[in-house]
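Chemist: One structure is given below, represented as structure tokens, and several questions about it will come after.
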Amino acid sequence: MSRARSTPPTPDADRTETVRSVIRQLRVIIRALQGHSRSVQRSCGISAAQLWALWEVRGCPGLNVSDLSQRLSVHPSTTSNLLDKLEHAGLVERLRRKRDQRIVRLFVTPAGEALLDRAPAAPQGELNRALHALDPVELEALDASLHVLVGRMASAEPTAGLQPFDGGA
């Protein structure tokens, strides 16, 4: 019985396996977000991004559109579109101050409260929780590595980070 000698993996083979591992891990994250987003849509009738906005407004009644945009990490026009849909559904209301009509404050309506009482947490909340649980050094390294990765992707849309992820498959 002869024993075949196994050759040690080459640096290129190790690199290829690491690349595959990163892709698999990114797929796990994306699929978790997609699955949760579909679940939110089925159970609540609104998108995961809309649910996240609703959670943020509930957490800080009277929030303005600009602050909500920052909390969601999206462009203010995207936030306005989300709010239009939530307002049309009767889940939020926009109130203006008598003195300065330009300032719009956001509040969850009773219907929005009822929806939130039965809704799952927004998927971004799980990702947010996991990122906050990382050691600060790990978080900084992940952030730096993702910046490099996005910078090397020829097809990456620079403003994509300002659009909510709705879990479209």
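Chemist: Whether any residue in the range 96-105 is among the polar types (S, T, N, Q), closer than 27 Å to Gln41 by Cβ and out of contact with any helix residue (DSSP H, G or I) (no Cβ under 8 Å at 6 or more places or on another chain) is what I want to check.
Modeler: For the range 96-105, residues among the polar types (S, T, N, Q), closer than 27 Å to Gln41 by Cβ and out of contact with any helix residue (DSSP H, G or I) (no Cβ under 8 Å at 6 or more places or on another chain): absent.
Chemist: Starting from residues that are assigned to a loop (DSSP other than H, G, I, E, B) and open to solvent by 60 Å² or more (accessible area, probe 1.4 Å), keep the ones in the range 69-88 and report whichever is modelled with the highest pLDDT.
Modeler: Out of the qualifying residues, it is His75.
Chemist: Would you mind telling me which numbered condition in (1) in contact with a Pro (Cβ under 8 Å, 6 or more places away or on another chain); (2) assigned to a helix (DSSP H, G or I); (3) surrounded by 15 or more Cβ atoms within 10 Å (Cβ to Cβ) Ser66 fails?
Modeler: (3)
Chemist: Taking the condition of being over 21 Å from Gln41 (Cβ atoms) and either open to solvent by less than 60 Å² (accessible area, probe 1.4 Å) or in contact with a helix residue (DSSP H, G or I) (Cβ under 9 Å, 6 or more places away or on another chain) (or both), how many residues in the range 106-120 meet it? Walk me through it before giving the result.
Modeler: Taking the range 106-120 and keeping what is over 21 Å from Gln41 (Cβ atoms), we get 106-107, 110.
With the extra rule that they be either open to solvent by less than 60 Å² (accessible area, probe 1.4 Å) or in contact with a helix residue (DSSP H, G or I) (Cβ under 9 Å, 6 or more places away or on another chain) (or both), the set shrinks to 106-107.
Residues in the range 106-120 being over 21 Å from Gln41 (Cβ atoms) and either open to solvent by less than 60 Å² (accessible area, probe 1.4 Å) or in contact with a helix residue (DSSP H, G or I) (Cβ under 9 Å, 6 or more places away or on another chain) (or both): 2 in total.
Chemist: Which residues, counting only those in the range 39-52, are surrounded by fewer than 16 Cβ atoms within 10 Å (Cβ to Cβ) and assigned to a helix (DSSP H, G or I)?
Modeler: If the condition is that a residue be surrounded by fewer than 16 Cβ atoms within 10 Å (Cβ to Cβ) and assigned to a helix (DSSP H, G or I), then Ser39, Arg42, Ser43 are the ones that fit.
The values are calculated or read from the model by the stated rules, or taken from the named source; none is laboratory data. Here the structure is a predicted model, which is why all the values come from computation and not from measurement. So basically every Cβ, Gly included, is an ideal-geometry build from the backbone, and we count neighbours across all protein chains shown. Quick note on the areas: whole protein, heavy atoms, side chains included, nothing else; ligands and nucleic acids left out. Shrake-Rupley method; radii C 1.70, N 1.55, O 1.52, S 1.80 Å.
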